[in-house]
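To start, the structure itself, in structure tokens.
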Amino acid sequence: MTVFELTARAALARPLSEVFAFFGDAANLEALTPPWLGFEIRTPRPIAMGQGALIDYRISLRGIPVSWRTEITHWEPPHRFVDEQLRGPYRLWVHEHTFEEQPDGTTLAGDRVRYAVLGGRLVNRLLVERDLRKIFAFREAKMSELFGGRSVEPVRIREVSDSEAAGG
């Protein structure tokens, strides 16, 4: 299985506690997702976030409705959490969210997504990578609008080696 890694980081002009509280509330994921995905959380709210939490979504990929279920596999407030796809459009989806308080009181927010798709490199190059770049560009713009700040590492996608893919 070919595994890819997406990374992005932004410096947000708000304190760590405020930024983590926003990201730690699953309901706010809708605000960070582009409207063209038709994103909808299906799990009844409020969702008790923590390790083991299951969240069901519905999105529309190129007009096709897709169900998606993730599990919070790591929950380390206020610095990190990881959601992993249990069911959905990817062969693998592991999204690590990190938050680091900076000396000036701002927060460095990072995304690291390891993913794999049916069709491997070709499907990733022709469809998936382009869509993920758009989705995470929207996310970055929305974070900047909500919290102020700037990108410090624009979206980068690369293929990872077998050892990197296995090591998480």
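Structure data summary
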quantity	calculated
Which listed residue is within 13 Å of the chain's Cα centre (by Cα), part of a strand (DSSP E or B) and more than 15 Å from Glu5 (Cα to Cα), from Ile59, Ile55, Ile72	Ile72
Selected residue [in contact with a strand residue (DSSP E or B) (Cβ under 7 Å, 6 or more places away or on another chain), modelled with pLDDT under 95 and farther than 23 Å from Arg130 by Cβ] from Ala26, Ala53	Ala26
Sole exception among (1) assigned to a loop (DSSP other than H, G, I, E, B); (2) surrounded by fewer than 17 Cβ atoms within 10 Å (Cβ to Cβ); (3) more than 15 Å from the chain's Cα centre (by Cα) for Pro89, by number	(3)
Residue match in the range 131-153 (condition: of a type in the set (Ser, Thr, Tyr), surrounded by 15 or more Cβ atoms within 10 Å (Cβ to Cβ) and in contact with a strand residue (DSSP E or B) (Cβ under 6 Å, 6 or more places away or on another chain))	yes
Of residues in the range 1-49 being touching a residue at least 40 places away in the same chain (Cβ under 8 Å), assigned to a helix (DSSP H, G or I) and in contact with a Lys or Arg (Cβ under 7 Å, 6 or more places away or on another chain), the one farthest from Asp162 (Cα to Cα)	Ala31
The range 122-153, residues that are in contact with a helix residue (DSSP H, G or I) (Cβ under 8 Å, 6 or more places away or on another chain) and in a strand (DSSP E or B)	Gly149, Arg150, Ser151
Residue, nearest to the chain's Cα centre (by Cα), within the range 8-21, restricted to residues that are crowded, with 17+ Cβ neighbours inside 10 Å and not small (Gly, Ala, Ser)	Arg9
Considering residues of the range 155-165 that are of a type outside the set (Val, Ile, Thr) and touching a Lys or Arg at 6+ places or on another chain (Cβ under 9 Å) only, the residue surrounded by the most Cβ atoms within 10 Å (Cβ to Cβ)	Ala165
Among the candidates Arg42, Arg62, residue that is loosely packed, with under 12 Cβ neighbours inside 10 Å, under 29 Å from Asn124 (Cα atoms) and in contact with a strand residue (DSSP E or B) (Cβ under 7 Å, 6 or more places away or on another chain)	Arg42
Test: residue in the range 111-122 that is surrounded by fewer than 14 Cβ atoms within 10 Å (Cβ to Cβ) and closer than 27 Å to Ala27 by Cβ	no
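The values are calculated or read from the model by the stated rules, or taken from the named source; none is laboratory data. Everything quoted here is computed from the prediction, not taken from an experiment. With ideal geometry, Cβ positions are generated from the backbone for all residues, glycine too; neighbour counts draw on all protein chains shown.
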